[in-house]
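Accompanying notes for the structure given below.
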Amino acid sequence: MSFDLVLFGGTGDLTWRKLMPALFQAFRHGKLPAGGRILAVARDERSDEAYRAFVRERFAEVEASKQPSDEEFARFAQLLHYRRMDLSRPADYAGLAQWVAARGAETVVMYLATSPALFPVICEQLGAAGLNGSRVRVVLEKPLGHDLASAQAINRVVRSAFAEAQALRIDHYLGKPAVQNLMALRFGNALFEPLWRRESIASIQITLAERIGVGTRGDYYDRTGALRDMIQNHALQLLTMIAMEPPASADADAIRDEKLKVLKSLRPFTPETVTRDVVRGQYRAGGIAGEAVKGYLEEVRVPADSRCETFVALRTEVQNWRWAGVPFYLRTGKRLPARDAQIVVNFRAVPHPIFPGSHRANKLVIKLQPEDGLELHLLAAKGSLAIGGQAERLSPVKLDLDFDKAFPTERVGAYERLLLDALAGRLNLFVRSDEQEQAWRWVMPVLQAWEEDTAGPRPYTAGTWGPPASSAMVARDGHAWDEET
Ligand code: BG6
């Protein structure tokens, strides 16, 4: 399959941090279809050669095992091209259209790795230049909008130029192997489905914890905050994967219809429930892994009086027959003690315990980070009874599935996976506009309540699991966050 992949924002952070390394991995694994061209588009003037040298230099910042050798880079670089464009100038799009037409590739993917403020103008201009035919797809990076109204405005422009099936909204969490495995676990095995409901499950926790602070992204982050950056998209997408009904088929729309139903079933927030069920925090100076780190307000490009949240924990429910009454706890934060992304499915305790001691119930842990894997926590007898001793006390033990060990040669990173899907036109792992708008609709009352609340985020010390109010919120239901059990 011949393809043209056009990267708008071709010299930007996302391109060299995520997209180029992912494209190189796909190339190295022989998964990038031969006969492709990758065209980086940006504002300044440079030659293909200068752009290749720029990318080569940036690879030095990638982890060692993912760096190309000189020979590998020389081959990869043949795919790379560069074009200067002023994104508001119709003539520049006409030039691009000629470049694309001259080759006549079977698939053309326009990847918008720019600020979302530029999405409307790029989509309009692509449409006006006729770069929206049926072999063209457009990939839109998050954040797609700042609130419901801005997301709808962007979607309107996108729709005016592209059909829904041509517009691929990326949420890179959906490309993580653990998410594929969650689908496989639920819909490829009959084992868990009878248990996957309120009768057997006591609570679900989704934690997306990061050790890093905001680094040099202070200006972006301060306009965004943890709710928009991680909850509205990544955490909610994971929630839909956990809670959705089995789709009728593996078709993109069959899956996305079910995910949309979950988003529509989430209990809507009111000002009262925001106060009770949502905790926001902001990190103060502290220590992580023995290293002193500064507070959010001291970070570069962060105003000293910022009220931006770097931590959110919330409680919600999926209001349908399967999940009624089961709390879903979502939590994310910067400068937490660990880089740890996981979903914990806590099963109910046995109805009539016959063994002594109080036992933790079973749980299934789907680990996304730092490594992906599945852990099933069970209680087992150690079998060390002495004659005349008490009845057996049970000990927790886990069945531990490490996917890197199970499939050592097959691992594909999230961006690599999603880029290949975009080129192949597989839409399953992209977010449809109605899902995305529904997710915004759901978070809006929280954003509104925060705007009116004079208290601001609660402080937490860097290197802790957020403000104590987060644990208290979960404890109210008689539960505890996973690391506290
Ligand atoms: C991005 C957020 O979407 O996801 C970042 O904008 C965050 O703030 C990142 O650090 C986390 O992604 P990952 O894959 O490293 O968990």
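The values are calculated or read from the model by the stated rules, or taken from the named source; none is laboratory data. Keep in mind that what you see is a predicted model, and the values were worked out from it rather than measured. Neighbour counts run over all protein chains shown; Cβ positions are idealised from the backbone, glycine included. All accessible areas refer to the heavy atoms of the entire protein, side chains included, with ligands and DNA or RNA removed. Shrake-Rupley method; radii C 1.70, N 1.55, O 1.52, S 1.80 Å.
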task: Look at the stretch 428-452 and say how many of its residues are over 23 Å from PRO247 (Cα atoms), open to solvent by less than 10 Å² (accessible area, probe 1.4 Å) and of a type in the set (A, V, I, L, M).
output: 2
message: ASN155 - would you say it is away from the ligand (no atom under 12 Å from the Cβ), surrounded by 21 or more Cβ atoms within 10 Å (Cβ to Cβ) and of a type in the set (S, T, N, Q)?
response: yes
- prompt: If you take the residues of the stretch 189-206 that are of a type outside the set (Val, Ile, Thr) and open to solvent by less than 10 Å² (accessible area, probe 1.4 Å), which of them is nearest to the chain's Cα centre (by Cα)?
  reply: GLN205
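If you take just the helices (runs of 4 or more DSSP H) that sit entirely in the stretch 185-281, which of them hold at least 3 residues that are touching a strand residue (DSSP E or B) at 6+ places or on another chain (Cβ under 7 Å)? Don't jump to the end; show me each part of the working.
Numbers: elements: 218-226, 236-243, 252-265, 271-277.
In the stretch 185-281, 236-243 are the helices (runs of 4 or more DSSP H) which contain 3 or more residues that are touching a strand residue (DSSP E or B) at 6+ places or on another chain (Cβ under 7 Å).
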task: Would you check if there is a residue in the stretch 254-276 being more than 27 Å from SER150 (Cα to Cα), within 11 Å of the ligand (Cβ to nearest atom) and basic (Lys, Arg)?
output: no
- line: Counting only residues that are open to solvent by less than 10 Å² (accessible area, probe 1.4 Å) and over 16 Å from ASP229 (Cβ atoms), the stretch 158-173 contains a total of 4
query: With LEU80, LEU39, LEU112 as the choices, which residue is touching a strand residue (DSSP E or B) at 6+ places or on another chain (Cβ under 6 Å), within 17 Å of PRO21 (Cβ to Cβ) and modelled with pLDDT of 95 or more?
result: LEU80
task: Could you run through the stretch 341-386 and say how many residues are open to solvent by 30 Å² or more (accessible area, probe 1.4 Å), of a type in the set (D, E, K, R) and in contact (Cβ under 8 Å) with a residue 24 or more places away in the chain?
output: 4
field: Failed criterion for ALA250 (all others in (1) open to solvent by 20 Å² or more (accessible area, probe 1.4 Å); (2) of a type in the set (A, V, I, L, M, F, W, C); (3) modelled with pLDDT of 95 or more hold)
entry: (3)
Residue tally, condition at pLDDT below 90, within 30 Å of ARG211 (Cβ to Cβ) and loosely packed, with under 11 Cβ neighbours inside 10 Å, over the stretch 387-405: 1
- prompt: Going by the conditions given, is ALA50 open to solvent by less than 30 Å² (accessible area, probe 1.4 Å) and aliphatic (A, V, I, L, M)?
  reply: no
- prompt: Is one or more of the residues making up the stretch 224-246 surrounded by fewer than 18 Cβ atoms within 10 Å (Cβ to Cβ), basic (Lys, Arg) and under 21 Å from ARG458 (Cα atoms)?
  reply: no
- prompt: Just a yes or no: is a residue in the stretch 223-232 hydroxyl-bearing (Ser, Thr, Tyr) and in contact with a helix residue (DSSP H, G or I) (Cβ under 9 Å, 6 or more places away or on another chain)?
  reply: no
Residue list for the stretch 331-340, restricted to those being away from the ligand (no atom under 11 Å from the Cβ) and crowded, with 24+ Cβ neighbours inside 10 Å: ARG331, ARG335, LEU336
message: Looking at the stretch 195-219, I want the residues that are among the aromatic types (Phe, Trp, Tyr) and have a partner that is more than 12 Å from the ligand (Cβ to nearest atom) with Cβ atoms under 7 Å, at least 6 apart or on another chain. Which pairs are those?
response: TRP196/ARG186
- prompt: In the stretch 111-136, which residue that is open to solvent by 40 Å² or more (accessible area, probe 1.4 Å) and not in a helix (DSSP H, G or I) is nearest to the ligand (Cβ to nearest atom)?
  reply: SER115
task: Output yes when any residue across the stretch 295-316 is basic (Lys, Arg), under 30 Å from GLU452 (Cβ atoms) and open to solvent by 60 Å² or more (accessible area, probe 1.4 Å), and no when none is.
output: yes
- line: Picking from VAL443, VAL412, the residue that is within 16 Å of the ligand (Cβ to nearest atom), touching a His at 6+ places or on another chain (Cβ under 8 Å) and at pLDDT 85 or above would be VAL412
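Just to verify a result, which residue in the stretch 138-152, among those that are more than 16 Å from the ligand (Cβ to nearest atom) and open to solvent by 40 Å² or more (accessible area, probe 1.4 Å), is nearest to GLY225 (Cα to Cα)?
ASP147
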field: the stretch 179-222: number of residues that are away from the ligand (no atom under 16 Å from the Cβ) and among the basic types (Lys, Arg)
entry: 3
